[in-house]
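Encoded as structure tokens, the structure appears first; notes follow it.
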There are 2 protein chains.
Amino acid sequence: MSTQPRLVEVRKNVLKQNDIVARELRQRFHDAGVFVVSLVSSPGSGKTAFLEKTLTLLRPDFRVAALVGDLATENDAARLARSGAPVRQITTGTLCHLEAAMIRDALTDWAMEPLDFLFVENVGNLVCPSSYDLGENLRLVLLSVTEGEDKPLKYPTIFNTADIAVLTKMDLAEAVEFDIAAAERNIQRVRPGMTVLRVSTRKGEGMSDWLTYLYSLKKS
Amino acid sequence: MSTQPRLVEVRKNVLKQNDIVARELRQRFHDAGVFVVSLVSSPGSGKTAFLEKTLTLLRPDFRVAALVGDLATENDAARLARSGAPVRQITTGTLCHLEAAMIRDALTDWAMEPLDFLFVENVGNLVCPSSYDLGENLRLVLLSVTEGEDKPLKYPTIFNTADIAVLTKMDLAEAVEFDIAAAERNIQRVRPGMTVLRVSTRKGEGMSDWLTYLYSLKKS
């Protein structure tokens, strides 16, 4: 297609612009002493359930808030708000990822108290969010056992740009004959040395490992 | 962002170009008497398992083949080839969807016998494939019960551009407390009148309904 090179060039400009905004955000987060975690995954991997649980568990001891991106609906913001934490929805329309400017704009007119942790739930997508820096300290990729062990090999970029992987819906692992060893092997092939946690949000299993991990980063 | 309007404009050109190629493909498929079905869904919804089962069941009576798109790996082509049908992998690199030109190119140097059915498995993504016509006769969107009932509302465009929806992994519906009525209601809100089938590829349930539906379209 003759238009392809021009499209790539324009995309590069958009990315460059995104990186500038992300850098500003990172500086701002650093100055404010807030630790920012973004969550990426396929649709339906359990990002919102995992985040709701995380917010609920952190709330007694920390000041937490969340931004959540979706093409349409404000359902996820409503679900997350049940945790009692301040939550804001970012609706992206037809865009399959969040961009740094959307985070900046969502924070601009939001009179929030100083925070310990800010969580950013990206649009459910294993491709588009990869290339967009949001100024976060930690990018977490979720993989639910119902999706299959092969996903890290089929979507290497998103696993490669993440800092930690969380296997979700572990209570269903046996029912779907999920091969945990194969999944971890595939993750390590794409991103050697990556920390991989296992959780079942429904059963509450593995959440303390995740919080211990998070505390250790916040302190360091 | 100042580059946004230009990006949209270039995207429009790419889409226009895609539509021209898709139109040529559709004419070619029509002349050859082949019925083309494309499959879209989130990663891990069971597209490949559903397609492998479909190919295996059709093979005794029909001439079938498949094209399968992925960012990386040829795993899915290998899985589909177990059905005995000719299969070709299209590797998209960083692109989160198939385009009509990729279908054309994959078919150009492929010496295939005349076909009754050609299946095209798109990249696992609930956003990007929406806008790309591949010249198919039927677009099928899969939604696995493990993803949750809310997905049609959160990804309306992909459901709106599809012709039929298939709820997969029905054998897990009870374990994940999937609300079938809510899911169907959400699909109907986005695409009123849409046919919704329910299958469990693992148990083989619902496949005969799907094949009956497919035969009726091929004949008409």
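The values are calculated or read from the model by the stated rules, or taken from the named source; none is laboratory data. Here the structure is a predicted model, which means the values were calculated and not measured. Cβ coordinates were reconstructed from backbone atoms using ideal geometry, including for glycine residues, and neighbour counts include every protein chain displayed.
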Which members of segment A:113-157 meet the condition of being crowded, with 24+ Cβ neighbours inside 10 Å, farther than 22 Å from B:F178 by Cβ, at the interface with another protein chain (Cβ under 7 Å from one of its Cβ atoms) and β-branched (V, I, T)?
A:V127
Does any residue in segment B:31-47 that is under 9 Å from B:D116 (Cα atoms) come within less than 6 Å, Cβ to Cβ, of a residue that is part of a strand (DSSP E or B) six or more places away or on a different chain, and which pairs are these?
B:V34/B:L118; B:F35/B:F117; B:V36/B:L118
Being part of a loop (DSSP other than H, G, I, E, B) and over 13 Å from A:V120 (Cα atoms) is the filter here; which residues of segment A:23-49 pass it?
A:G33, A:S42, A:P43, A:G44, A:S45, A:G46
Residues (free of Cβ contacts under 8 Å to residues at least 40 places away in the same chain, part of a loop (DSSP other than H, G, I, E, B) and either at positive phi or in contact with a strand residue (DSSP E or B) (Cβ under 9 Å, 6 or more places away or on another chain) (or both)) located in segment B:50-94:
B:A72, B:T73, B:E74, B:S83, B:G84, B:A85, B:P86, B:T92, B:G93
Go through the residues of segment B:91-102 one by one and say whether even a single one is in contact with an Asp or Glu (Cβ under 9 Å, 6 or more places away or on another chain), buried (at least 19 other Cβ atoms within 10 Å of the Cβ) and among the acidic types (D, E).
no
Step by step: first the residues of segment B:106-124, then only those that are touching a helix residue (DSSP H, G or I) at 6+ places or on another chain (Cβ under 8 Å) and assigned to a loop (DSSP other than H, G, I, E, B), then the one that is nearest to A:E74 (Cα to Cα). Which residue is that?
B:G124
Looking at A:I180, A:I164, A:I103, which one is touching a residue at least 60 places away in the same chain (Cβ under 8 Å) and more than 10 Å from every other protein chain (Cβ to nearest Cβ)?
A:I103
Subset of segment B:145-174 (residues that are among the acidic types (D, E), in a helix (DSSP H, G or I) and either at pLDDT below 95 or closer than 21 Å to B:G204 by Cβ (or both))
B:D171
Are any of the residues in segment B:171-194 surrounded by 18 or more Cβ atoms within 10 Å (Cβ to Cβ), under 17 Å from the mean Cα position of the chain (by Cα) and among the small types (G, A, S)?
no
Please specify each residue of segment B:175-220 satisfying the condition of being aliphatic (A, V, I, L, M) and not in a helix (DSSP H, G or I).
B:A175, B:V176, B:M194, B:V196, B:L197, B:V199
Please count how many residues of segment A:116-157 are in contact with a Gly (Cβ under 8 Å, 6 or more places away or on another chain) and hydrophobic (A, V, I, L, M, F, W, C).
4
Within segment A:53-75, considering residues that are more than 11 Å from chain B (Cβ to nearest Cβ) and among the hydroxyl-bearing types (S, T, Y), the one surrounded by the fewest Cβ atoms within 10 Å (Cβ to Cβ)
A:T56
Going through (1) assigned to a helix (DSSP H, G or I); (2) of a type in the set (S, T, N, Q); (3) within 14 Å of A:Y132 (Cβ to Cβ); (4) modelled with pLDDT of 95 or more one by one, A:N13 fails only at (4)
